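What follows is one structure encoded as structure tokens, with my remarks underneath.
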Amino acid sequence: MGLEELSVKLFKMGEIAEQTVAFSIEGFLKGLDVSEKVYSLSEALVAMNTDIEDKAFELTARYQPVASDLRIIKSYMKIGYDLERIGRYAWDISFDHKKFAKLERCEYSQELVENLAEKVMEMVSASVAALKNHNAEMAETLATTEEEVDKMSVEYLDRLARAPPTTKCLVASVLAVRYLERIADHTTYMGESIVYIVTGKKVILR
């Protein structure tokens with residue numbers, strides 16, 4: 001029952017993390033101020049992760065779980081942290097866009113960020129789906145997409161470096177690319193934990 005309660009909390013976190021990233025990306029691409037909404041969701045993820053950590057420690061202390069259950073508890077704690085970080089990076093995108101670009105639609109970087117954001121959003125959705133279904137094969141596919149994201153982010157930063165150096169949009173775009181790349185990293189960390197839950201094997205997907 002304790003593990004079931006833990007999983008329900010984590011699945012809800014996954015859904016909220018997905019919404020948080022989606023709102024943040026939409027705000028950046030459309031020039032909308034979604035910083036308060038994204039911040040609120042990000043803070044909800046922080047609170048939920050704290051609840052998951054507390055519950056995990058309680059289960060460990062009270063029931064001294066066997067190896068397989070302990071593996072799940074440990075992995076759930078790690079995934080909770082990854083989801084919290086995803087939410088925080090999403091808020092960073094919204095905050096920096098408002099702070100530096102003043103919600104301006106950054107035309108010269110619009111397509112670059114949009115293409116990267118689409119890939120990252122796919123990874124977030126896939127990692128949450130893999131978590132809910134304990135699907136190790138789906139989790140392992142994140143490695144391939146993460147390589148694509150890394151390559152795209154490097155190429156985009158090179159192109160953005162040739163943009164007008166005084167443009168505030170440049171700062172917001174560079175930071176957005178960096179944060180999206182970090183969100184992608186955390187989805188692969190989640191994938192590693194999911195594979196560990198299902199198979200007991202420790203893999204590196206990044």
Where N is the number of residues in region 94-184, Cα Rg divided by 2.2 N^0.38 Å: 1.21
About the Cα centre, charge dipole magnitude for the chain (Lys/Arg +1, Asp/Glu -1 at Cβ), debye: 360
By average C-beta atoms within 10 angstrom, highest first, the peptides 107-119, 13-25: 13-25, 107-119
Spread of Cα-to-Cα distances over 5 Å intervals beginning at zero, given as percent, for the chain: 1, 8, 16, 18, 17, 14, 10, 7, 4, 2, 1, 0, 0
Nearest 10 degrees, 0 to 90: helix 168-199 Cα axis against the chain principal axis: 20
Under 5 Å, built H, 5+ apart or other chain: amide partners of LEU205: none
Note, ³J(HN,Hα) from phi for region 123-132, Karplus 6.51, -1.76, 1.60, rounded to Hz, x at Gly and Pro: 5, 4, 4, 5, 5, 5, 5, 5, 5, 5
Sum of -39500 (n - 2.57) over DSSP H runs of 4+, divided by residues of the chain (222 nm, nearest 500): -30000 deg cm²/dmol
Dipole of the chain, positive end: most advanced residue of ASN115, THR50, ALA17 [Cβ charges, Cα centre]: THR50
On Cα atoms only, tilt of 142-160 relative to the major axis of the chain in degrees: 20
Relative packing of peptides 53-63, 178-188 - highest average C-beta neighbours within 10 Å first: 178-188, 53-63
Three principal axis lengths of region 107-148 [C-alpha, angstrom, descending]: 40, 18, 6
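Where a number appears in this text, it was derived from the coordinates with a stated rule and is not lab data. Source: prediction; values computed, not measured. Cβ coordinates were reconstructed from backbone atoms using ideal geometry, including for glycine residues, and neighbour counts include every protein chain displayed.
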